[in-house]
Amino acid sequence: MAGNGSSSLELTNSWFAEAEHPPIPSRDKPLGYEPAVFCDCIPVRKAALWISWSDEDPGRRYVKCDKANEGGCSFFGWYEGPHDPFVQTLLVDLRNAVRTLRSQKAVLRQAVSEFIEDVEQKEKELAEVKAEVARLDPMEGEKEYLEGKVKDLELEKMIMRGVVGGFLASAVAYLLFR
C-alpha cells in the first residue's frame, strides 16, 4: 500500500496552491480514513489522506504527514496505485473544466457586483431627481396659476384701453362738437 516515497516526489509551489483548492472537495476528513497509515514522526501519528490533482496523478489518493508544514516529518506515500491512462486523462480534463468554470464564475460574480454598484448609484441619482421634481412640482402649479393671472390682467388691460380709448374718443367728440 503506502510507503515512504518522499525522496522521489518533487512538489512545486503551484502544485501546493492547486492542492489547496481541489476541484472536488474530499468527502472524508484527512484523518478520517481506514486502514490507518502512520508517518515517521515521534510520537507516531496517523498520516493525512489527500487527493492529488496534478496532471500526472489526478484523483489519486496519497498520505502525507499531517504536520509536515509545521515541523513534522517528510513522510509521503501513495495510498493506492495509479489510474488507467484513459481515466487519468478524463480526470485532468474534468479538473480543468471545473477550474475554468470557477474562473468564469469569479468573473461573473465581479461583473454582477459592479452591476449592482451601478444600479445602486443610479437609484441614488433617481432619488435625487425625484426629490428635485417634488420640489419643483408645486412651483409648476404656481406657474400655471400665475400664467392664468397674467392672461386675465392682459385681458383687463385691453378692456381698459378700449374703455379709455372710448372715453377719450367721447371726450374729443364732445369738445369738438359742443
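In this structure the amide hydrogen of ASP66, modeled in the peptide plane, comes within under 5 Å of the amide hydrogens of ALA48, none closer than 5 places in sequence on its chain. Amide H to amide H distances under 5 Å link PHE76 with GLY5, SER6, where only residues 5 or more positions off or on other chains count and H is placed in the peptide plane. Residue ranges 109-118, 49-58 sort as 49-58, 109-118 when ordered by packing (mean number of other C-beta atoms within 10 Å per residue, highest first). In the elastic network of the chain, a GNM with C-alpha springs shorter than 10 Å, the most mobile of LEU155, LEU90, LEU31 is LEU155.
Just to verify a number: FRET efficiency for SER170 and LEU146, C-beta to C-beta distance, R0 = 41 Å, to 0.05? Taking R0 as 41 Å, the efficiency between SER170 and LEU146 is 0.70.
Computed per residue of the chain from DSSP H runs no shorter than four, each worth -39500 (n - 2.57), the mean residue ellipticity at 222 nm is -21000 deg cm²/dmol. Evaluate E = 1/(1 + (r/R0)^6) for SER113 and ALA134, where r is the Cβ-Cβ distance and R0 equals 30 Å; express this FRET efficiency to the nearest 0.05. So, using R0 = 30 Å, E works out to roughly 0.40. For the chain, a Gaussian network of Cα nodes joined below 10 Å ranks TYR62, TYR145, TYR33 by mean-square fluctuation, and the top entry is TYR145.
Shown in residue order for region 74-79 are the 3J(HN,Hα) couplings computed by the Karplus curve 6.51 cos²θ - 1.76 cosθ + 1.60 at θ = phi - 60°: 9, 4, 8, x, 7, 7 Hz (x for Gly and Pro).
Taking a ≥ b ≥ c as the square roots of the eigenvalues of the Cα gyration tensor, region 99-139 is prolate, since a/c reaches 1.5 or more and a/b is larger than b/c. For a straight C-alpha distance cut-off of 20 angstrom, the lysines reachable from LYS122 (same-chain residues fewer than eight places away being disregarded) are LYS130.
Listed by chain and number, the lysines whose alpha-carbon sits under 18 Å from that of LYS67, ignoring those within fewer than 8 places in the same chain, are LYS29, LYS46. For the chain, the equivalent ellipsoid derived from the Cα gyration tensor has semi-axes of 97, 17, 11 Å, listed largest first.
Close amide H partners of GLY59, meaning residues 5 or more places away or on another chain with modelled amide H under 5 Å apart, are SER52, TRP53, SER54.
Cross-link partners of LYS157 among lysines, defined as those whose alpha carbon lies under 28 angstrom from its own and excluding same-chain residues fewer than eight positions apart: LYS143, LYS149.
Where a number appears in this text, it was derived from the coordinates with a stated rule and is not lab data. Worth saying up front: this structure is predicted, and the values here are computed from it rather than measured. No Cβ is skipped: glycine too gets one built from the backbone with ideal geometry, and neighbour counts run over all protein chains shown.
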